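The values are calculated or read from the model by the stated rules, or taken from the named source; none is laboratory data. If you're wondering where the values come from, they're calculated on a predicted model, not measured in any experiment. With ideal geometry, Cβ positions are generated from the backbone for all residues, glycine too; neighbour counts draw on all protein chains shown.
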Amino acid sequence: MKRFLTLLLREIRHYFHQPLAYIVLFFFLLLTAANFHAGLVALNREPGETSVVEAFFNTVLFWFPFVLIFPLLTMRLFSEEYKLGTIETLMTAPVRDGQVVVAKFLGSLVFYIVLWAPSVLYFVIFRQVTGQNAADAIGSYLGAYSMLILVGMFYLSIGCLASALTKNQIVAATIAFALISLMFFLSLLSFFFLKASSTLRELTYYFSTIEHMGEFSRGLFDTRPVVFYLSMTIFTLFLTHHVFQYRRWKN
Amino acid sequence: MIKVEKLTKRYGGVTAVDEIDFEVGEGEVVGFLGPNGAGKTTTMRMLACYLPPTSGRAEVAGCDVFRDSLRAREHIGYMPEHVPLPHDMRVNEYLSFRAALKGVPGRRIKERLADVCDLCGLVEVQGRMIAALSKGFRQRVGLADAMIHEPELLILDEPTIGLDPNQIRQARELIKNLRRHHTILLSTHILSEVEMTCSRVIIINRGRLEALDTPENLRSRLSSEGEVLLEARTDDPHAIAKLRSVHGVKDVVQTKLGDWTRFILHVESDPRESLHALAVKEGWPVRELTRRSATLEQVFAEVTQAEEQP
């Protein structure tokens, strides 16, 4: 356990040791702020049932940086170690392969959470300035942010897998981007089948990230997406573990 | 300390290491020699638990490197070829991280860090970024990392490659000092280094173990055969025939050097005394009569090239 914490700490530090981290944080903050602003402008123009929280988490301006950010966060995880050869010193220290995979994954998750943390402030400031709540109930916040983390976990694990596949970071980023986009665009399927038979609609709902986010940010909690994202994350990490081991062994 | 039995590694159809057996006892310094691509690095990687063997087994300090890999790794300090290091850390940060990773208790990390920095001459660069270090210092950081958890066994893959002659001398001194506390297995191309530091030598070629002995024994293996150089002033046209008749001389090559003639004699035993007697009898003035003793270099060449000539 101590070794795992050492590894995890090293991974987290690695993120914050690079100037690139702060550039990403800065631009991400700008983008999410722009998104928040756009949401408010739209709501001002035509007020409706939608809450500010719901508006924030369901726009193109939200999804666009959301999908783009994962390859950037994960591309170096394994690729860089392969390239520098540090994988050899790392794996001849008494650590398990699984520990390394989970430490790298959790390290990226911590950075991902740090990336999103400032967005909570938008809602606090909104309340300070307007004296109104951004959502009717606390469940909206909890739902939206827990979905943010759940989807984040799944997509980060895809990024880990892509990085474990190659020692070229650009290739890793491309693979991650392709896989994540595929998963994301699958979620649009459920909108095509809005009027289709109920079975098809049920089926597409299972992997429709956009619908999940919509429901959760309204404060509706559903166990199905939770189970879906958690199990997919574990499965992808399991694959990563095997790819990592295989690459090292065939070498 | 190390026990290797029929260790084999295949990559697809290529056999990199082919059923090698050897043992290394505690406190020994063993040199691992072989041409490039002979399987040195692969063998070392298997011993360091980085690669699993295809078949056969290897034990380090009583732990199987495959089945009991984690425990075996605690006994091993491994320095890979070219010393891969992360670029984003400072020397002391990196070494503390490695110490913690290898299970050095928190309260002892500082002490170990000071010890290895002192031993490897890293005190002056402790606070520097690894990316900014010179090759010589990077090598030392790698060595410091290998021994930070006080392993019984050090596996060093070409520890002196890419160093300048001064640094090589320093590295050699360092290795000599280390053998008091560690068993050492090191691979190198520099044969004089092996003769100076190692108590035993393993020569490996095309994945096969070709020789395993002390440097002295390996040399004496060749010294029954050798060369004798004789430079004498003579115009005797039958000189070669006369030299050939001396017992032990197999072949003679003659070169004219002005007044002098150089004979290179391939000999079986040591016929220098009889050669001297012959020269005296014939009245040839002699300015040189030497026996060229075999170096490890010759042993190496003999052992590794024997198979390449069909």
ask   = Counting only residues that are over 18 Å from the mean Cα position of the chain (by Cα) and either buried (at least 19 other Cβ atoms within 10 Å of the Cβ) or in contact (Cβ under 8 Å) with a residue 24 or more places away in the chain (or both), how many does the stretch A:240-250 have?
value = 6
ask   = Inside the stretch B:40-74, can you point out the residues that are in a loop (DSSP other than H, G, I, E, B), closer than 21 Å to B:Ala99 by Cβ and of a type in the set (Gly, Ala, Ser)?
value = B:Ala48, B:Ala61
Residue satisfying all of: in the stretch B:262-294; surrounded by 14 or more Cβ atoms within 10 Å (Cβ to Cβ) and among the basic types (Lys, Arg); nearest to B:Val249 (Cα to Cα) among these = B:Arg272
message = Among the residues that make up the stretch A:170-178, is at least one of them loosely packed, with under 15 Cβ neighbours inside 10 Å and closer than 30 Å to A:Thr86 by Cβ?
response = yes
query = Mind checking whether some residue in the stretch A:14-35 is away from chain B (no Cβ under 14 Å), surrounded by 16 or more Cβ atoms within 10 Å (Cβ to Cβ), without any contact (Cβ under 8 Å) to a residue 40 or more places away in the chain and farther than 22 Å from A:Ser157 by Cβ?
reply = yes
Of all residues making up the stretch B:46-63, the number that are buried (at least 16 other Cβ atoms within 10 Å of the Cβ) and under 21 Å from B:Ile184 (Cβ atoms) = 11
ask   = Residues in the stretch A:42-61 that are aromatic (Phe, Trp, Tyr) and more than 27 Å from the chain's Cα centre (by Cα): how many?
value = 0
message = List the residue pairs whose Cβ atoms are under 9 Å apart, where the first residue sits in the stretch A:203-228 and is without any contact (Cβ under 8 Å) to a residue 24 or more places away in the chain, the second is loosely packed, with under 15 Cβ neighbours inside 10 Å and of a type in the set (A, V, I, L, M, F, W, C), and the two are 6 or more positions apart or on different chains.
response = A:Thr204/A:Leu186; A:Thr204/A:Phe191; A:Thr204/A:Phe192; A:Thr204/A:Ala196; A:Ser208/A:Leu186; A:Ser208/A:Leu188; A:Ser208/A:Phe191
message = I'm trying to understand the selection: among the residues of the stretch A:62-116, which are free of Cβ contacts under 8 Å to residues at least 60 places away in the same chain, more than 11 Å from the chain's Cα centre (by Cα) and either at positive phi or more than 14 Å from chain B (Cβ to nearest Cβ) (or both)?
response = A:Phe62, A:Phe64, A:Gly85
request  = Looking at (1) surrounded by 19 or more Cβ atoms within 10 Å (Cβ to Cβ); (2) not in a loop (DSSP other than H, G, I, E, B), find the lone condition where B:His149 falls short.
outcome  = (2)
request  = Tell me which of these B:Leu257 doesn't satisfy, since it passes every other one: (1) more than 30 Å from B:Gly37 (Cα to Cα); (2) aliphatic (A, V, I, L, M); (3) modelled with pLDDT of 85 or more.
outcome  = (3)
key: Meets criteria (in a loop (DSSP other than H, G, I, E, B) and under 30 Å from B:Val252 (Cα atoms)) for B:Thr160   = no
ask   = Which one is farthest from B:Ala48 (Cα to Cα) among residues in the stretch B:87-126 that are away from chain A (no Cβ under 12 Å) and part of a loop (DSSP other than H, G, I, E, B)?
value = B:Gln126
Identity of the residue in the stretch B:184-196, aliphatic (A, V, I, L, M) and surrounded by fewer than 19 Cβ atoms within 10 Å (Cβ to Cβ), that ends up modelled with the highest pLDDT = B:Met196
task = Within the stretch A:1-49, count every residue that is in a loop (DSSP other than H, G, I, E, B) and either in contact with a Pro (Cβ under 6 Å, 6 or more places away or on another chain) or of a type in the set (Val, Ile, Thr) (or both).
result = 0
request  = With the condition kept exactly as written, say whether any residue in the stretch B:51-72 is at the interface with another protein chain (Cβ under 9 Å from one of its Cβ atoms), under 11 Å from B:Ile155 (Cβ atoms) and not small (Gly, Ala, Ser).
outcome  = no
inquiry  = Show me the helices (runs of 4 or more DSSP H) found entirely inside the stretch A:185-251 where at least 2 residues are within 14 Å of chain B (Cβ to nearest Cβ).
reply    = A:223-250
